[in-house]
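A.B. asks: What follows is a structure written as structure tokens; I'll ask about it next.
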Amino acid sequence: MKAFALERLVPAHVRAFEAYVPAPPDDVLLRRFGVTHLHRLNNNENPLGPPPAARAVLARRDAGEAALYPQGDGWHLRRTLARHFDLEPEQVILGNGASEVIAFVIKTFCEPGDNILTADRTFAVYEWMASFSGIEPRLVPLLDHGFDDVGMLRAIEGRTRVVFLCNPNNPTGSWWDHARLARFLAAVDGRAIVVVDEAYAEFAEAPGFPDSFALMRQHPNLVVFRSFSKMWGLAGLRIGWMAASPPVAAMVRKTSISYSVNLLALEAARATVWDLAHIAATQAHCRAMRAGLAALAGRLGLEMLGGIGNFAMLRMPIPDTVVHRRLMARGVMARAMTSFRYAGWLRVSFGDAEAMAAFAAALEAVLAEG
Amino acid sequence: MMQRAAAPAEPVTEEPALRLPPGPRFAAVGAEFVRGAGLASGIEPRLAERLALIAEEVLAAAPPQAGLVGLALRDRRHAVRLDVEFTSTELDLAGLDQSRVRDLEDGEDVGLYLAARLADRLTTEPARRGGLVLGFELARSYPPAPSASVPEALGPLAGLPVDPDDATLALLVDWAEAVGEGGPAFRTAPRVLDQRRVGDLFARVALDARRRPVGGIFWQPFGRRLMALSGPALLLPEGDARQALAAALLEAALAALARGATQGLVVLEPAQVLPGAFEVVGHLPGAAGGQHPVLFRAMEEDPGGIAWVSPGLSAWVTAMVRRLGLGRDIEAPPPPARALGAAMAAETDRAAARVTLRPLLAAGDAAAVAERNVALFRGQGFAQIRALLDLGQPGHAAFAEGLMRAGLAPAALIPDAAGDLLLLADGA
Ligand SMILES: Cc1ncc(COP(=O)(O)O)c(C=O)c1O
């Protein structure tokens, strides 16, 4: 080969983008940090795992079926979800995790020169997917650790195609109630697609939490994301979904990837819908762990931030990235929040009681070192 | 207020470039091109002339098998730079190693050596298509700034620190210089503006309610994945407001760097310690005796990595890895594939009488080459000798033994999961 000028073939926005590098697998981490066990409190996973019906589905699978393609667009699961939320099956689109659905939406509505709007301190993937797609992410700073509706409305302009709200917000747990979201949608008045990422909605116990599917009937520009990774304990199978008004869903379907959700994920997810006992048990677990964490924060004199969700943040007196490393060396994985623009904060998922106890002991020891 | 994700710094103009066959026959053509293109682009004649000499020496020294040699002139505003691109990866760089000149028999390598000596800074980077780019940089000089008078009653910080416009940044630098705040990075506004314009410096400036600068913080590229932090320069008197200002500036810098390519912030000459915000990753001897801490702030979680460490350093690195809580597989490096021809690049800062050595090419004679480099620069009167080894590169470990034999000692371990930087220093 004479002249393979790779750089010439790659768009500037891809060249400029820094690839995300996930953490290595546990066996590598165990060796590097010299520990024999790692408590995972970094990914907001559900320690209760999937509900019983989903477990049963997974246990029954015949390995030979791995040779067959799944049905291509989640026919049965879409109908199950639609029935439960009073939607048409065509309004539901599945993805390989809610993460993939973000890409569908950006591809559907944005072209170079357009921008998306989100917060500076929220789930990173909206910002990343826009950046490496050549779409400018515009970031409105959180106000008092929550999405700033006034600031976001002010920032919408002619080339704003999608507004991403994270409700409840990862990592602050802050949330807008139904009335506030309704007012926001009224003010946006159809000028842009409004995505409400409700990956943690099932953790909400407050009565004022939005019924976004109802709002969608008045606001056809509203798109709702949900995930099976958090409440439903299926993070390892990678499945999430979105719902939108019929015309919006029909557009997004064009850019969605058929067959991207695997057989096991489709069937396990269908079996979870909508196990109220599992939701109640998980919520009770989160309540207990949140109370325990608050007690720890009080004892150590740390500021704690949280709202809805299976996680909370603690403000460290030393760099969060240092605490992260030292916790790793004690077998506990939490999330350093500098990369979420929360320098000095640590996010902790509500793992099982043993993991939370290990976290508490390790954090106390780490902070005692100074 | 709205933030925008940082865009990559684009080159300011189209840059003049040329490709020529290697060897003495075209050396004068290359020199003429650099001289002419330099003058046409408005580069100071004195600097254009020096770059032309460098081009001539490098072309003349390039061996026939080097293939076409690319010359590109870059106006970095605060510096001018000649990039020489070799497409062949088989280039013998030994001639760039300043310590080798006494052994050299043939004129070719002497030419490369001379070129290296003419530059204020020599960098080496892999070329886009394989091969190597040698960057010869000459610093532009700036007249000293006339002393500014700083207003008496600057107010406390109002709002979030901003990415300042030129006028605000210049005012901050003038005032910081007038009161001796912030350290050498905060000297002469025109230079700082030039550095920023070409993406070699980034700034956040805090303003008071009347939009006057009350403090600033800078960061500049340090190696491939890190930034060196300078400042903060604080124009408020001692007290709570000054402390809050320092914290706000640091927070703004961290927020600006989050989700980008930067893995961490290093502070080699702390003007002001921000308690709690950094960790101490080593100590450097100061120019006036004594020691000062080397500070570090990681931007990302460190998922662990490999550190290639020679036997003589393994106790120090192991202890440091343990103290910092790093997850590292500490491995003994395999012997270098090449027997001979190791080379180091030297970055000299003549004003500070400091030289920093970095491995260029690993080979079996790395230790001897390292030792000779240290001796050479000591002989030239450099008071501070430092070396930076990338522990992610197995080949770099071989240089360590020679550096230690020459009297350098490990001073700091700057964590980076993709390759920790080991800083060695004279008398550390
Ligand atoms: C707010 C938010 N949205 C989406 C996702 C992605 O979820 P999934 O696992 O379904 O891709 C996450 C996962 O952390 C999240 O926190």
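A.B. asks: Based only on Cα atoms, what Rg/Rh ratio does region A:202-267 have, Rh being taken as Kirkwood's radius? Don't skip to the answer; put the middle values down first.
C.D. replies: Numbers: Rg = 13.9 Å, Rh = 13.7 Å.
Answer for region A:202-267: 1.02.
A.B. asks: Membrane-span-like helices in chain B: DSSP H runs reaching 15 Å or more (Cα, own axis), mean Kyte hydropathy at least 1.0? If you can, show how the numbers build up before the last one.
C.D. replies: Values: long enough: B:27-40 (20 Å, 1.06); B:45-61 (24 Å, 0.69); B:107-118 (17 Å, 0.47); B:166-179 (20 Å, 1.06); B:240-257 (26 Å, 1.12); B:311-324 (20 Å, 0.58); B:366-379 (20 Å, 0.54).
Within chain B the helices that satisfy the rule are B:27-40, B:166-179, B:240-257.
A.B. asks: Each residue of region A:154-162 in order: what ³J(HN,Hα) in whole Hz does its phi give by Karplus 6.51 cos²θ - 1.76 cosθ + 1.60, θ = phi - 60°, with x for Gly and Pro?
C.D. replies: 5, 7, 5, 9, x, 9, 7, 9, 9
A.B. asks: Rounded if a/c is under 1.5, else prolate if a/b is larger than b/c, else oblate: which is chain B, with a ≥ b ≥ c the root eigenvalues of its Cα gyration tensor?
C.D. replies: On the way: a/c = 1.96, a/b = 1.28, b/c = 1.53.
Oblate.
A.B. asks: Let me ask something additional. Rounded if a/c is under 1.5, else prolate if a/b is larger than b/c, else oblate: which is region B:6-88, with a ≥ b ≥ c the root eigenvalues of its Cα gyration tensor? Kindly include the intermediate steps, with their values, before the conclusion.
C.D. replies: Values: a/c = 2.52, a/b = 1.43, b/c = 1.76.
Here region B:6-88 falls in the oblate category.
A.B. asks: On each of the three principal axes of the Cα atoms of region A:289-370, give max minus min coordinate, whole Å, ordered largest first.
C.D. replies: Over region A:289-370, Cα extents along the principal axes are 26, 25, 21 Å.
A.B. asks: Still on this structure, I have one more. With a bin width of 10 angstrom, please list the P(r) values of the protein assembly as shown as percents of all Cα-Cα pairs, from the 0 bin to the one holding the largest distance.
C.D. replies: The distribution over the protein assembly as shown is 2, 12, 19, 23, 20, 14, 8, 2, 0, given as percents.
A.B. asks: Right, another one. Among B:P63, B:A241, B:L268, whose Cα lies farthest out toward the positive end of the dipole of chain B, if unit charges sit on the beta carbon of Lys, Arg (+1) and Asp, Glu (-1)?
C.D. replies: Positive-end residue among those listed: B:A241.
A.B. asks: For B:G304, enumerate residues with amide H under 5 Å from its amide H, sequence gap 5+ or separate chain, H modeled in the peptide plane.
C.D. replies: So B:G304 has HN proximity to B:G327.
A.B. asks: When the Debye formula is applied to the Cα atoms of region A:207-339, each taken as the same point scatterer, what base-10 log of I(q)/I(0) results at q = 0.09, 0.12, 0.16, 0.21 Å⁻¹?
C.D. replies: For region A:207-339, the Cα-only Debye profile gives -0.43, -0.74, -1.08, -1.27.
A.B. asks: With helices defined as uninterrupted DSSP H runs, which ones in chain A have an alpha carbon span along their own long axis of at least 27 Å and mean Kyte-Doolittle hydropathy of at least -0.5? The partial results should precede the final answer.
C.D. replies: Details: long enough: A:276-300 (36 Å, 0.62).
Answer set is A:276-300.
A.B. asks: Same structure, new question: Can you check what the Kirkwood hydrodynamic radius comes to for chain A, Cα pairs only, in Å to one decimal? Write out the running numbers ahead of the final one.
C.D. replies: Details: mean 1/r = 0.0460 Å⁻¹.
By the Kirkwood definition, the hydrodynamic radius is 21.7 Å.
A.B. asks: Let me ask something additional. Once phi is turned into θ = phi - 60°, what whole-Hz ³J(HN,Hα) does the Karplus curve with 6.51, -1.76 and 1.60 give for every residue of region A:209-218, x standing for Gly and Pro?
C.D. replies: With coefficients 6.51, -1.76 and 1.60, one gets 4, x, 9, 5, 5, 5, 4, 4, 5, 8 Hz.
A.B. asks: Starting at 0 and stepping by 5 Å, how many percent of the alpha carbon pairs of region A:249-298 end up in each bin?
C.D. replies: Whole-percent P(r) values from 0 Å outward: 4, 15, 11, 12, 13, 11, 12, 10, 7, 4, 0.
A.B. asks: Taking only the alpha carbons of region A:60-176, what extent do you get along each of the three principal axes, in Å, biggest first?
C.D. replies: Here the spans come out as 52, 31, 27 Å, largest first.
A.B. asks: Taking the Cα atoms of region B:297-428, what is the range of coordinates along each of the three principal axes, in descending order and whole Å?
C.D. replies: Principal-axis extents of region B:297-428 (Cα, largest first): 42, 35, 22 Å.
A.B. asks: For region B:253-366, what does the convex hull of the Cα positions come to per residue, in cubic angstrom? Intermediate values should be presented prior to the final figure.
C.D. replies: Working: hull volume 19.7 nm³, N = 114.
Given the Cα convex hull of region B:253-366, per-residue volume reads 173 Å³.
A.B. asks: Then there's this: Sort largest first and round to whole Å: the equivalent ellipsoid semi-axes of region A:52-272, each the square root of five times a Cα gyration tensor eigenvalue. Before the final figure, lay out the partial values.
C.D. replies: Numbers: eigenvalues 173, 70, 52 Å².
Taking √(5λ) for each eigenvalue gives 29, 19, 16 Å, largest first.
A.B. asks: Ok, one more. Consider just the alpha-carbon atoms of region A:146-232 and return their Rg together with their Dmax, both in angstrom.
C.D. replies: Here Rg and the maximum Cα pair distance are 12.5, 38 Å.
A.B. asks: Using the Kirkwood radius built from alpha carbon pairs, what does the Stokes-Einstein equation give as D for region A:1-68 at 37 °C and 0.692 mPa s, in µm² per second? Can you show the working numbers first?
C.D. replies: Working: Rh = 17.8 Å.
Taking Rh from Cα pairs, D becomes 185 µm²/s.
A.B. asks: Which log10 I(q)/I(0) values, to two decimals, does region B:27-68 give at q = 0.29 Å⁻¹ under the Debye formula with one point per Cα?
C.D. replies: Log10 of I(q)/I(0), two decimals: -0.89.
A.B. asks: What fraction of the Cα pairs in region B:166-277, stated in percent, has a spacing above 17 angstrom?
C.D. replies: Numbers: 3136 of 6216 pairs.
Counting every Cα pair in region B:166-277, those more than 17 Å apart make up 50 percent.
None of the figures in this text is laboratory data; all of them are computed from the coordinates on show. Note that this is a predicted model, so its numbers are computed, not measured. Neighbour counts are summed over all protein chains in view; Cβ atoms, including those assigned to glycine, are modelled from backbone coordinates with ideal geometry.
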